[in-house]
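First up is the structure itself, then whatever we jot down about it.
Derivation of every value follows stated rules applied to the coordinates shown; laboratory data play no part. Note that the structure is predicted; figures quoted are calculated from it, not measured. Glycine gets a Cβ as well: all are built from the backbone with ideal geometry, and neighbour counts include every protein chain shown.
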Amino acid sequence: MKKRVTPCILFLIGFWISTSCQEDSTQIDLLQATPVNALILIPVENDKTFQSEIATYSPVPHASKAVDLVERLPLKEGKKGLLSLHRVGTGTLFWVYAVKRNATDWQAATISSFEPKRRAYSKGSIWEWEDEAGSWALSETGEWLVLSHSDILAAEAIRQLEEENGNTSYANYASLNDQLAEGGFVTLNLDNESPLHVTWPLWEDVGLPDDMRTWRYLQPGSLHWTLKETADHTAKIAVSTPQFRSEKLAFADSTSARVFPGWRWLTPSLEWTQWTAVDGRMEFNGRSFAIQAQGVCKFKGRDALGSLLSMRYAPNHGLKITHWTSTQGLEAHNELGLNKPLSVHTYFKTVGDYLVACRDTFQANQSLAYLSDSRNMEEEKAYGHSVQYLRSQPHEAQIWWVCRQDNPDAPWAGLTYRADGEKAYWSASVLLPKS
């Protein structure tokens, strides 16, 4: 199995600088050296606490690389640092770690054995070297240290410090000051876009290729997230503060939140899935029945393409079609007004409360799996994992994304959207392997 990178979630952060802000109560000052347009901001005040919260299994993208940065610039007691995630080029993500020069004991001699290269600037230098963890670039001035795997971001930090115009990309985020002071992490919305939508949940180092991905993290401004674990320590969770929801997700106002409808498909053959709660109807040969949710599931197949199936959750539909049947005569309306409405494909049949449609019945028959009420030992294990994941998310929601992780004992990570009137919140969770 290819390695899947476990992640989490998140938005674009911004901020507002008040003349009354003081460094001892906020991280705002550290944004002076933070490159522009961060997707995520994480205040760091204690190395060990940070590493225990943002570990390899974490609801933030490339968490282990963030830990690497913090380990290389260990903080003095009572000092602070600020991590930020940035997109470089067409989509590559890099973490940046900014600290005041007096917040760490780091010295250039620390990297002398790696024969670093040094570039001089008017206000400082950029050091570049390689070690067992990859390539590094560190901006150093008399007041600042800014570490990253990207030399582009290191140069951006130096440029900002030389021009003394740091923080400018965060000036419109009115709540950022208070959000950073609360700990956890913050995600930002940049110019009414969410660059993280293609990033998490991660699938083979890239975002899930589902049609609904542009809906992820859609909310204005910046969001503060709180990290916690489930009571039985089987999952790590990040929950955002409620915020006014995006107008693009206004359909959720008229759709009641529901329990994750796709949980019965969380089987060993499933790779990723996306579901949306929606009240609608389907028609087949003159019969009409109610739909409560629709989704897409990607299953493993004999080739790299696997099987992509569309599904409708329709309890009490009254149909029983056990063999694949042509979808001629089957009508599924586009209740959400999508540019790319969920397809009914070529063939369909019923599985429990679901109507399942596919293009290739041979592929589907090989990979299709469903957690029925009668289960063997392997299916019972998959059932247990699905229930664990279900318990890590809000009891009810309107949108769900779930993808497989690389550990078979902790197979799921995902993102959930819950709307409640004009406000809504997001929840990201990652199952944890047994210790």
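Taking amide H positions as modeled 1.01 Å from N, with prolines and chain starts lacking one, no residue 5 or more places away or on another chain lies under 5 Å from ASP353.
Straight-line cross-link partners of LYS423 among the lysines, defined as a Cα under 30 Å from its Cα and at least 8 positions apart when in the same chain: LYS228, LYS236, LYS248, LYS340.
Converting phi to 3J(HN,Hα) with the Karplus coefficients 6.51, -1.76 and 1.60 and the offset θ = phi - 60°, the range 108-114 yields 4, 4, 4, 10, 4, 5, 8 Hz in sequence order, with x at every glycine or proline. 3J(HN,Hα) couplings calculated from phi for the range 219-225 with the Karplus curve 6.51 cos²θ - 1.76 cosθ + 1.60 (θ = phi - 60°) are, in sequence order, 6, x, x, 10, 10, 8, 10 Hz; Gly and Pro show x. Computed about the Cα centre, the dipole magnitude for the range 98-177 is approximately 220 debye when only Lys and Arg (+1) and Asp and Glu (-1) carry charge, each at its Cβ.
How high is the FRET efficiency between ASP47 and THR214 when r is their beta carbon distance and R₀ equals 41 Å, given to the nearest 0.05? E(calc), rounded to 0.05, equals 0.65.
Determine the distance separating the Cα centre of the range 255-307 from the Cα centre of the range 41-106; give it in Å without decimals. If we compute the Cα centre of each part, the gap is 38 Å. Near the amide H of ARG281, within less than 5 Å, lie the amide hydrogens of ILE291, HIS333, all on another chain or at least 5 residues away, with H placed in the peptide plane. Evaluating 6.51 cos²θ - 1.76 cosθ + 1.60 at θ = phi - 60° for every residue in the range 173-181, the Karplus couplings come out as 9, 5, 9, 4, 3, 5, 5, 5, 5 Hz, glycine and proline recorded as x.
What shape does the range 319-435 take by its C-alpha gyration tensor, where a ≥ b ≥ c are the square roots of the eigenvalues and a/c under 1.5 counts as rounded, a/b above b/c as prolate, and the rest as oblate? Verdict is oblate for the range 319-435. Per residue, the Cα convex hull of the chain amounts to 151 Å³.
Figure legend: label point modelled 7 angstrom from the Cα of GLU162 along Cα→Cβ; residues of the range 98-135 with amide N under 11 Å from it are 120-126.
Close amide H contacts of LEU202 (hydrogens built in the peptide plane, cut-off under 5 Å, sequence separation of 5 or more or a different chain): CYS8.
For the range 269-367, the relative contact order is 28 percent, taking Cα pairs closer than 8 Å that sit 6 or more residues apart in sequence and dividing their mean separation by the residue count. With contacts taken as Cα pairs under 8 Å at a separation of at least 6 residues, the range 233-305 carries a relative contact order of 26 percent.
Which FRET efficiency, nearest 0.05, do THR361 and ASP191 yield, Cβ-Cβ r, R0 45 Å? Show your work: numbers first, answer last.
Values: r = 45 Å, r/R0 = 0.99.
My answer for the efficiency is 0.50.
For every other residue with a beta carbon closer than 10 angstrom to the beta carbon of ASN102, add +1 if it is Lys or Arg and -1 if Asp or Glu, then tell me the sum.
Surrounding charge for ASN102 is +2.
Between the alpha-carbon centers of the range 125-142 and the range 346-391, tell me the distance in whole angstrom. Value for the Cα centre distance between the two parts: 49 Å. Sequence-distant contacts, meaning Cα pairs under 8 Å at least 6 residues apart, place the relative contact order of the chain at 18 percent. For the peptides 104-117, 75-88, residues were scored by their other Cβ atoms within 10 Å and the scores averaged per peptide; the highest-first order is 75-88, 104-117. The stretch between SER112 and SER254 holds 45.0 nm of extra length on full extension. This uses 0.36 nm per residue minus the Cα-Cα distance.
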